[in-house]
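Just below is one structure, and these are the notes that go with it.
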Amino acid sequence: MAEEQGLDLVEISPKAVPPVCKIIDYKKYLYEQKKREKAMKAKATKVTIKEIRFGPQTDEHDYEFKKKHAIKFLQDGAKLKAFVFFKGRSIIFKEQGQILLLKLAQELEEYGKVEQMPKLEGKRMIMFIAPKKVK
């Protein structure tokens, strides 16, 4: 029947009982399938990660300035990676770094939620904050 019409017999759903087949032009079917996949890929959102770097003894003005940027990043829908970088002997101020990150998390609570609490990795103490969903 498919050969008479110059078309192909294409199996659409092989796992269905009984299997579903259609008589269609196979090349056109492949083209439409690629087009659908491309449209789905275009709709997928890409997650951007913005970084904000602090020192263990960051001054109040610098902290406020960086917090303002963090708020802007979260409102734009980007994830935030805030970290305290310890240079040389400043690693002895781990508690200050953790307090700084927890303070930031508390002040950004209305803009995003903490994905990962402050964790020391090498010479950095890292914390991730994800933006809250806009309804």
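The values are calculated or read from the model by the stated rules, or taken from the named source; none is laboratory data. The model shown is predicted, which means the values in this text are computed figures rather than measured ones. Note that we place each Cβ from the backbone using ideal geometry, even for glycine, and neighbour counts take in every protein chain shown. Just the protein is used for accessible areas: all its heavy atoms, side chains included, with ligands, DNA and RNA removed. Shrake-Rupley method; radii C 1.70, N 1.55, O 1.52, S 1.80 Å.
Tell me the residue from MET117, MET125 that is in a strand (DSSP E or B) and surrounded by 15 or more Cβ atoms within 10 Å (Cβ to Cβ), please. Let's see the steps before the verdict.
Details: MET117 fails: surrounded by 15 or more Cβ atoms within 10 Å (Cβ to Cβ).
Among MET117, MET125, only MET125 is in a strand (DSSP E or B) and surrounded by 15 or more Cβ atoms within 10 Å (Cβ to Cβ).
Across region 96-135, what is the number of residues that are over 14 Å from the mean Cα position of the chain (by Cα), β-branched (Val, Ile, Thr) and over 17 Å from GLN57 (Cα atoms)? Explain how you work it out, then say what you get.
From region 96-135, those over 14 Å from the mean Cα position of the chain (by Cα) are 96-111, 117-127, 134-135; that's our starting set.
If we keep only those that are β-branched (Val, Ile, Thr) as well, we get 99, 126, 134.
Checking the rest, the ones that are also over 17 Å from GLN57 (Cα atoms) come to 134.
Number satisfying all stated conditions: 1.
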> Restricting to region 76-95, what's the tally of residues that are open to solvent by 50 Å² or more (accessible area, probe 1.4 Å), more than 18 Å from GLN57 (Cα to Cα) and modelled with pLDDT of 90 or more?
Replying inline: 1
>> On the basis of being touching a strand residue (DSSP E or B) at 6+ places or on another chain (Cβ under 7 Å), modelled with pLDDT under 90 and not hydrophobic (A, V, I, L, M, F, W, C), does PRO56 make the cut?
In response: yes
> For region 1-76, which strands (runs of 3 or more DSSP E) that fit wholly inside it have 2 or more residues that are free of Cβ contacts under 8 Å to residues at least 40 places away in the same chain and closer than 30 Å to ILE126 by Cα?
Replying inline: 49-54
> For region 63-91, which residues satisfy the criterion of being over 15 Å from LYS119 (Cα atoms) and aliphatic (A, V, I, L, M)?
Replying inline: ALA70, ILE71, LEU74, ALA78
>> Going residue by residue through region 97-114, is there one that turns out to be surrounded by fewer than 17 Cβ atoms within 10 Å (Cβ to Cβ) and assigned to a strand (DSSP E or B)?
In response: yes
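Return the total of residues in region 81-95 being touching a residue at least 40 places away in the same chain (Cβ under 8 Å) and in contact with a helix residue (DSSP H, G or I) (Cβ under 9 Å, 6 or more places away or on another chain).
Taking region 81-95 first, the residues touching a residue at least 40 places away in the same chain (Cβ under 8 Å) are 81-84.
So of that shortlist, the ones also in contact with a helix residue (DSSP H, G or I) (Cβ under 9 Å, 6 or more places away or on another chain) come out as 82-84.
Of the residues in that region, 3 qualify.
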